[in-house]
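Below is one structure, written out as structure tokens; the observations come after it.
The values are calculated or read from the model by the stated rules, or taken from the named source; none is laboratory data. Quick caveat: nothing in here was measured; it's all calculated off a predicted structure. No Cβ is skipped: glycine too gets one built from the backbone with ideal geometry, and neighbour counts run over all protein chains shown. Just the protein is used for accessible areas: all its heavy atoms, side chains included, with ligands, DNA and RNA removed. Shrake-Rupley method; radii C 1.70, N 1.55, O 1.52, S 1.80 Å.
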Amino acid sequence: MNLKAAIFDFDGIILDTERVEFETWNVLYGERGVELKWVDWSVCIGTAGAFDPYAHLERISGRPVDRADLVGRYRAVNRERLAGLVPMPGVVDLLREGRSAAIKLAIASSSQTEWVRDNLALHGLTEWFDAVLVRNERLPAKPKPDLYLAALEAVGATAGEAVAFEDSMNGIAAAKAAGIFCVAVPNAMTRGLDLSRADLIVGSLRDVTLAGLAHKLAGNGRGR
């Protein structure tokens, strides 16, 4: 196989955390008599800093928010919902295939270290990955390509030897800017987004195999 690395986005690809985040905020908004609309939330999917739910809540509710109190309430609601998640369909099968074929497995996420590592640990997924790259002072969020470039370096692969799995416009833009073949897997939170820049769009990770993607790379003259 010419494929040496499979790099996964985290939120919405490994676990359905994007939906949980949106639903959690809607619980908090609802407690204050307002609604968080998907069209407002969608700008922050796959990136960071594009939407401030506290400021938005203050604006549409017309009253100030006690952020410290809201953070505590958010954590309580979110923790309960996250605990009930299972890996997205097809994820574990791809991880098993990658491990069996000695393909390096990595995560490139615009979320922060604590969020990604805690959720991987909570769901018993940590040991699958050879590298976990997250947003920090050195690695800016997607759509910049830095996270993907760092992931390639961490696993010792070139862009032509890797495939990326994404669910958002920002993530696809980052993968493509890094020169990586990108598979888009829309979910309940991202089906309304324009994912057409991806090289391949599938309904679920169950619809692909790493072996099949390796053949696509080889057919495109990549991964050599």
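A single member of Ala76, Ala131, Ala141, Ala108 is more than 30 Å from Val27 (Cα to Cα) and hydrophobic (A, V, I, L, M, F, W, C), and it is Ala131. Residues of segment 21-39 that are crowded, with 21+ Cβ neighbours inside 10 Å and either among the charged types (D, E, K, R) or closer than 26 Å to Ala131 by Cβ (or both): Glu21 alone.
Restricting attention to segment 95-107, does a residue exist that is assigned to a helix (DSSP H, G or I) and β-branched (Val, Ile, Thr)?
Within segment 95-107, not a single residue is assigned to a helix (DSSP H, G or I) and β-branched (Val, Ile, Thr).
Please indicate, with yes or no, whether at least one residue in segment 201-210 is open to solvent by less than 40 Å² (accessible area, probe 1.4 Å) and under 13 Å from the mean Cα position of the chain (by Cα). Looking for residues that are open to solvent by less than 40 Å² (accessible area, probe 1.4 Å) and under 13 Å from the mean Cα position of the chain (by Cα), one finds none in segment 201-210, hence no.
Out of the residues in segment 169-181 that are of a type outside the set (A, V, I, L, M) and open to solvent by less than 20 Å² (accessible area, probe 1.4 Å), state the one that is farthest from the chain's Cα centre (by Cα). Only one residue fits best here, namely Phe181.
Does Gly49 satisfy being of a type in the set (Gly, Ala, Ser), under 30 Å from Ala175 (Cβ atoms) and either in a helix (DSSP H, G or I) or modelled with pLDDT under 95 (or both)?
Values: of a type in the set (Gly, Ala, Ser): yes; under 30 Å from Ala175 (Cβ atoms): yes; either in a helix (DSSP H, G or I) or modelled with pLDDT under 95 (or both): yes.
Yes.
With respect to being charged (D, E, K, R) and out of contact with any strand residue (DSSP E or B) (no Cβ under 8 Å at 6 or more places or on another chain), Glu31 fits the description. Within segment 148-159, the set of residues being open to solvent by 20 Å² or more (accessible area, probe 1.4 Å) and not hydrophobic (A, V, I, L, M, F, W, C) comprises Glu153, Gly156, Thr158.
Let's see how each residue does on (1) over 23 Å from Ala214 (Cβ atoms); (2) open to solvent by 10 Å² or more (accessible area, probe 1.4 Å):
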{"residue": "Ala121", "(1), (2)": "yes, yes"}
{"residue": "Gly124", "(1), (2)": "yes, yes"}
{"residue": "Arg138", "(1), (2)": "yes, yes"}
{"residue": "Lys142", "(1), (2)": "yes, no"}
{"residue": "Val163", "(1), (2)": "no, no"}
{"residue": "Asp167", "(1), (2)": "no, no"}
